[in-house]
Structure formats: structure tokens, C-alpha cells
Amino acid sequence: MSFRDLRNFTEMMRALGYPRLISMENFRSPNFTLVAEILVWLVKRYEPQMDIPSDVDSESDRVFFIKAVAQFMATKAHIKLNTKRLYQADGYAVKEMLKITSVLYSAMKTKEMASGDKIEEDSSKFKFDLGSKIAELKAARQLASEITSKGATLYDLLGKEVDLREMRAAAIARPLEINETEKALRAAIKDVLENVQRTTDMLNNVSLDESNLEAKIEKKKQELERNQKRLQTLQSVRPAFMDEYEKIEEDLQRQYEIYVEKFRNLSFLEQQLDDYHRLEQERFEETENSLRMMQHKLREEERCLVRSGAKDEDSDMDIPDDEGSDSEIEEHRPSKPRPTRNGPIPGRAGTQFVGTMHGGESEEDESEDSEIDVDEDDEDEEGEEEENEDLEDDNDSLEVPAPKPSRPPRGAPRPELLEESDNDF
């Protein structure tokens with residue numbers, strides 16, 4: 001007896017409509033009166049016309065009652081009941097009665113489901129679902145084609161019935177010969193014996209194969225045991241080269257640590273070197289830009305000086321003639337300073353001008369010399385720029401060019417010329 005069985009029994013009896021409440025405590029002790037009442041109600045529920053005596057006062061009446069219920073259930077419901085447990089009228093009897101209640105409860109559930117399906121069918125009677133009928137249409141078409149083919153075959157066979165009827169009648173009317181029958185039976189017996197012999201041989205071969213397989217299995221088991229023992233022996237024995245292997249492994253670990261450290265240092269140094277090259281490149285670009293700006297500035301200053309010099313020369317040529325001859329003016333005129341090749345010019349590092357100290361040259365010669373000097377200075381300047389680019393990495397600063405010697409302005413007042421007179425002699 002279990003608590004689950006008692007709970008299921010009480011719930012099923014309540015669902016089946018038993019009029020009395022059944023408690024789980026009713027079957028703690030034998031209660032034959034309650035068991036008899038429940039059995040009578042279950043029999044009436046299964047077969048209302050069944051008449052079973054309900055007198056259970058004496059022992060013989062109780063035995064007869066239990067036998068009658070068990071016989072009825074065995075013949076009508078095909079349920080086998082244990083009469084001894086039913087007679088105990090305790091928890092064990094509940095297990096037996098649970099068999100009957102389970103059948104009735106499942107039947108009730110089935111009926112409820114059927115009624116529910118019928119209600120659903122009634123509600124959906126006028127609904128038409130074409131999608132659910134497609135499979136039925138296909139099956140109907142297939143059956144129609146099969147019926148047509150089977151009917152044609154049957155028609156052909158019925159057409160041959162006239163000839164077959166005569167042959168069948170001749171075969172039936174032919175007298176049965178004992179010798180032929182005996183011969184056919186012997187042939188059939190011989191075939192059966194051959195089949196039996198083949199089956200026996202196959203069985204013998206199966207037994208032989210089984211013995212061979214068992215021998216092979218035993219052999220494999222022995223080999224497995226030997227291999228396992230050998231494996232255990234090899235695992236227990238330390239190899240001769242194991243010490244050397246461990247030393248080499250430790251040495252390899254140390255070498256790997258050294259390699260990792262050197263690789264890390266090398267990566268750091270390469271990064272530092274790249275940073276240094278980048279800074280040097282930036283410094284070089286800055287220096288080059290400053291030099292270009294300085295050269296451009298010096299070129300502009302030089303062009304301004306050349307233009308101012310050309311204007312001064314034009315103004316000298318426009319001076320009016322005073323009293324006296326040109327030769328006297330030239331004799332008393334102070335000598336004009338000429339640029340020399342040796343003097344430095346701003347904006348041209350190392351550039352020098354070379355000239356003569358002789359006076360009396362015309363202004364046209366001077367202008368031609370100045371133009372030639374300017375061309376030469378341009379060529380020298382291009383060569384010097386290439387040299388400066390080579391020396392920019394070594395020189396961090398530029399040398400300030402020496403100032404150009406001052407040149408007396410052309411527009412300055414000239415010294416007064418002495419008048420010619422006879423008193424000078």
C-alpha cells in the first residue's frame with residue numbers, strides 16, 4: 001500500500017460519482033463492509049443488470065461474495081483480481097480495486113473527449129477548409145487510377161475464362177494415378193530432407209564459428225593482459241636518458257628566458273632608434289626651412305641693393321656740366337669706391353668681389369662689370385647652396401655674414417671745383 005495509490009483511488013471514486021466520501025484513514029485497518037459496498041457499486045457501474053449477493057455477515061458469505069466479484073470481472077472486463085488481497089480489506093485491497101476504477105475512469109475520459117470532439121465537429125460542420133482536402137483529393141485520384149487499371153486486368157482475365165474452364169474441367173476429370181502421386185510426394189520429401197540437411201550443416205557451422213570466435217576472443221584477452229603488464233612495467237621503469245632530457249629541458253628554459261630578455265631589449269632599442277631618427281629628421285627639416293627663408297631674405301636684400309646701385313649710376317650720368325672742361329672735372333672728382341671681389345656680401349657665404357683701384361673708367365664699363373659679377377655670384381650661390389645642404393647636419397647655427405662696406409651715396413653733394421684763374425700760376 002502506498003500513499004499515491006490511496007490518493008488516486010479516492011480521486012477516481014470522487015470523479016466517477018461515488019456518493020460517499022472516502023478518506024485515506026478508512027483503510028488503515030481492515031474494513032470489509034466498506035470494501036464490499038465499493039465493490040458492489042463498481043459492479044453496478046460496470047453492469048447495471050448484474051445481481052450480486054450483498055450479504056457479508058458470515059465468513060462463507062464473504063468468501064462467496066469475493067469469488068463472485070472476481071469471476072464477474074474476469075469474464076466481463078478481463079480484469080484479474082487477487083481474492084486474498086480483496087478479503088484482507090485494507091490497503092492491499094485498494095490496489096485491486098484500483099484496477100477496476102482505472103478502467104472505468106479511462107472510459108469516462110474517453111467518452112468526454114469523444115463528446116468534446118463531436119461538439120467541435122458540430123460547430124465546424126459548415127466550415128470548409130480547402131487546404132485540408134488537398135491530400136484527400138490526391139488520394140482519391142490515385143485510387144481512381146488504380147481502380148481503372150485493376151478493372152482492365154480483371155476484364156482480360158475474365159475473357160480467358162472460357163479456355164481456362166475447359167482446361168480446369170479436364171484436369172479435374174482426369175483419374176488420379178497413385179504412382180505419380182507417390183513420385184511427387186517422394187520428390188517433396190527429398191527436397192524437405194535436403195533443406196533440413198542444409199539447415200543442420202549451417203547450425204554446425206555456426207557452432208564451429210562460435211568456438212573459433214571464442215578461441216580468438218580468449219587469445220586477444222591474453223594478448224591484452226600481456227600488453228597491460230608490459231605497459232605497467234614500462235611505466236614503472238625510468239628511462240636511462242631521462243636525466244639528460246631533464247637537464248636539456250632546464251637549459252632550454254634558461255636559454256628561452258635569455259632570448260626573451262634580449263628580444264625585449266632589442267625591441268626597445270629599435271624603438272628608441274626610430275624615435276631618434278624621427279627627431280633628427282624633424283630637426284633637419286626645420287634647419288632646412290630656416291636656411292631657405294634666410295637665403296630668400298638675403299636674395300631680396302641683394303636685389304634691392306643692385307636696384308639702388310643702378311638708380312645711383314643713372315643719377316650720376318644726369319649731372320650738368322660746370323665751368324671748365326670735362327677733363328678738369330674728372331681730375332678734381334674724388335674716386336668712386338668700387339666693390340671688390342674679396343669683400344663679403346650679405347646672403348652669400350664666402351662670395352668675394354675682385355676689382356681694380358684705377359680710376360677714370362666710364363660708367364658703362366662699371367655697369368657691365370657689375371652685371372658680370374652678379375651672374376658669377378648667381379652661379380657661385382647655386383654651388384654654395386649644394387655645399388650648405390651637405391653641411392647642415394653638422395652645423396646647428398648659421399654664421400652671420402660680415403656687413404657690406406658702406407658706399408658713399410650718389411646723391412651726396414660733390415666737393416666744389418676750383419675755378420680756373422691766371423692767379424693760380
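Among the residues of the range 1-35, which ones are out of contact with any Asp or Glu (no Cβ under 7 Å at 6 or more places or on another chain), hydrophobic (A, V, I, L, M, F, W, C) and in a helix (DSSP H, G or I)?
Result: Phe3, Leu6, Phe9, Met12, Met13, Ala15, Leu16, Met24, Phe32, Leu34, Val35.
Of these, Glu225, Glu180, Glu161, which one is modelled with pLDDT of 90 or more and of a type in the set (Asp, Glu)?
Being modelled with pLDDT of 90 or more and of a type in the set (Asp, Glu) holds for just one of Glu225, Glu180, Glu161, which is Glu225.
Given the condition assigned by TED's automatic domain parsing to the domain that holds Phe27, at pLDDT below 80, under 27 Å from Arg28 (Cα atoms) and not in a helix (DSSP H, G or I), answer yes or no: does some residue in the range 54-75 qualify?
yes
Confirm whether Ile38 is in a helix (DSSP H, G or I) and among the aliphatic types (A, V, I, L, M).
When the stated conditions are applied, Ile38 passes them.
In the range 103-144, how many residues are modelled with pLDDT under 60, of a type in the set (S, T, N, Q) and surrounded by 10 or more Cβ atoms within 10 Å (Cβ to Cβ)?
Selection size over the range 103-144: 1.
So for the range 25-42 (the condition being within 23 Å of Lys111 (Cα to Cα) and modelled with pLDDT under 85), does at least one residue qualify?
no
Would you confirm whether or not the range 84-101 contains a residue that is assigned to a helix (DSSP H, G or I), under 60 Å from the mean Cα position of the chain (by Cα) and not basic (Lys, Arg)?
yes
Look at the range 52-85 and say how many of its residues are among the β-branched types (Val, Ile, Thr) and exposed (fewer than 15 other Cβ atoms within 10 Å of the Cβ).
Qualifying residue count for the region: 3.
Restricting the search to the range 169-201, which residues are loosely packed, with under 10 Cβ neighbours inside 10 Å and part of a helix (DSSP H, G or I)?
Ala170, Ala171, Ile172, Ala173, Ile178, Asn179, Glu180
Could you grab the pairs with beta carbons closer than 7 Å, sequence gap of 6+ or different chains, first residue in the range 35-53 and in contact (Cβ under 8 Å) with a residue 12 or more places away in the chain, second one surrounded by fewer than 17 Cβ atoms within 10 Å (Cβ to Cβ) and in a loop (DSSP other than H, G, I, E, B)?
Short answer, once both residue conditions are applied: Ala36/Ser54; Val40/Ile52; Val40/Ser54; Val43/Met50; Val43/Ile52.
Which number in (1) under 30 Å from Arg45 (Cα atoms); (2) at pLDDT 85 or above marks the one condition that Val192 misses?
With respect to (1) under 30 Å from Arg45 (Cα atoms); (2) at pLDDT 85 or above, Val192 is out only on (1).
The values are calculated or read from the model by the stated rules, or taken from the named source; none is laboratory data. Just so it is clear, the structure is predicted and the values come from calculations on it, not from any experiment. Please note: Cβ atoms are built from the backbone with ideal geometry, for glycine as well, and neighbour counts cover all protein chains shown.
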